[in-house]
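These notes concern the structure reproduced below.
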Amino acid sequence: MTWPIWQINAFTNRPFKGNPAAVCMPQSNGEDQRLQQIAIEMNLSETAFLYKKEMNTYHLRWFTISEEEELCGHATLAAAHVLWEEGDADRLHPIKFFTRSGLLEAYREGNDIRLDFPKEPITLCPIHPAIKKYYGSIIQAQGYNRLDHFLELSTEEDVLQFLPEEAIKHLTGRRGIIISSPSTRKHTDIVSRFFAPTEDPVTGSAHCAIGPYWAERIGRETLRAYQASSRGGTLHVVCHGKRVHLIGQAVTIWKGRLTV
């Protein structure tokens, strides 16, 4: 038996940039162990599995190489890209994804894909003494949400030069660590990086946290964001009350069939 599978680079319009994700469409209900084995075999940060319920409606699951995820932005963007590029979804209507984080929707807007995700608000807390001692004045604030830890840094240069080892040592118990600051680059409002503990190229779900955080401080609902990993990625973030819209593009790297 074979299942169709794709590798997609999300939050970019260029091959070999953005965040790679695999998208697989099982032809039968795969056991969790089999899905986990496929994610390990793909060896990417995320592998998405799509199960069609009806036209433009799918059950969506995400697996890392070690476990099933609660929420993943770039693999959702990749999944929507595949469905529209392959003609499996009507471009004139949104795609509905039923997930562990509830109902998520994707909309086609020209070359862009708009994802409708839940807001993941950041709760501020005192800066950890070891973090404050090691990093000094570049740490402006610390917080957390249900998924991640968060550190606000003073400048974009601080974000670019940040060495995460000390933060990783002390900030545990959550998926990862988001660092972010206002950006000084042209056509960009905020910059970020994400460590879990290795660096993730572009993390859509992290922007469900830092988008609303910076929108409140900057005083604008729509922000242009850049994630400053070695691959780099760009997206627009639009805050709507308890929802966050992530807007980006994706490109197909390869497609084939997986023998299972």
Legend entry - For Glu69, residues with placed amide H under 5 Å, excluding near neighbours: Trp62, Phe63, Thr64
Inset, instruction - Mind jotting down the distance between the C-alpha centroids of segment 1-63 and segment 170-188, whole Å? - result: 26 Å
Inset, instruction - Can you put Thr123, Thr57 in order of Cβ neighbours within 10 angstrom, beginning with the fewest? - result: Thr123, Thr57
Legend entry - Per DSSP, loop GluC sites (Glu not before Pro) in segment 1-58 with at most 14 further Cβ within 10 Å: Glu31
Inset, instruction - Report relative contact order for segment 123-241 in percent, whole number only (criteria: Cα-Cα under 8 Å, sequence separation at least 6). - result: 18 percent
Inset, instruction - Work out the length of the dipole vector of the chain about its Cα centre, built from +1 on the beta-carbon of each Lys and Arg and -1 on the beta-carbon of each Asp and Glu, and round it to the nearest 20 debye. - result: 280 debye
Inset, instruction - Quote the FRET efficiency, to the nearest 0.05, computed for Arg14 versus His187 with a Förster distance R0 of 22 Å and r equal to the Cβ-Cβ distance. - result: 0.85
Inset, instruction - Please work out the FRET efficiency for the pair Asp88 and Ile218, using the Cβ-Cβ distance as r and a Förster radius of 35 Å; give the result to the nearest 0.05. - result: 0.35
Inset, instruction - With a point put 7 Å past each Cα toward its Cβ, work out how far Arg100 is from Leu258 in nm, to one decimal. - result: 1.6 nm
Legend entry - For the chain, built as a Gaussian network whose Cα springs stay under 10 Å, the top-fluctuating residue of Glu157, Glu199, Glu86: Glu86
Legend entry - For peptides 10-22, 110-122, 171-183, sequence by mean Cβ density within 10 Å, most packed first: 10-22, 171-183, 110-122
Legend entry - Table column - 3J(HN,Hα) (Hz), segment 37-45, Karplus curve with 6.51, -1.76, 1.60, x for Gly and Pro: 4, 5, 4, 5, 4, 5, 6, 10, 4
Inset, instruction - Find how much the distance from Gln27 to Ile65 grows on full extension, using 0.36 nm per residue of separation minus their present alpha carbon separation; answer in nm with one decimal. - result: 11.5 nm
Inset, instruction - May I ask for the angle, rounded to the nearest 10°, between helix 207-218 and the longest principal axis of the chain, with both axes built from Cα atoms and the value confined to 0 to 90°? - result: 40 degrees
Inset, instruction - Would you mind ranking Cys125, Cys72, Cys24 so that the residue whose beta carbon has the fewest other beta carbons within 10 Å leads the list? - result: Cys125, Cys24, Cys72
Inset, instruction - Kindly provide the helix-only [θ] at 222 nm of the chain, computed as the sum of -39,500 (n - 2.57) over DSSP H runs of four or more divided by all residues, to the nearest 500 deg cm²/dmol? - result: -6000 deg cm²/dmol
Inset, instruction - Report the antiparallel proportion of the DSSP beta bridges in the chain as a percent, rounded to a multiple of 5. - result: 80 percent
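Values in this text are rule-based calculations from the coordinates and carry no lab data. Keep in mind it's a predicted model, so treat the numbers as computed, not measured. Note that each Cβ is placed from the backbone with ideal geometry, even for glycine, and that neighbours are counted across all protein chains shown.
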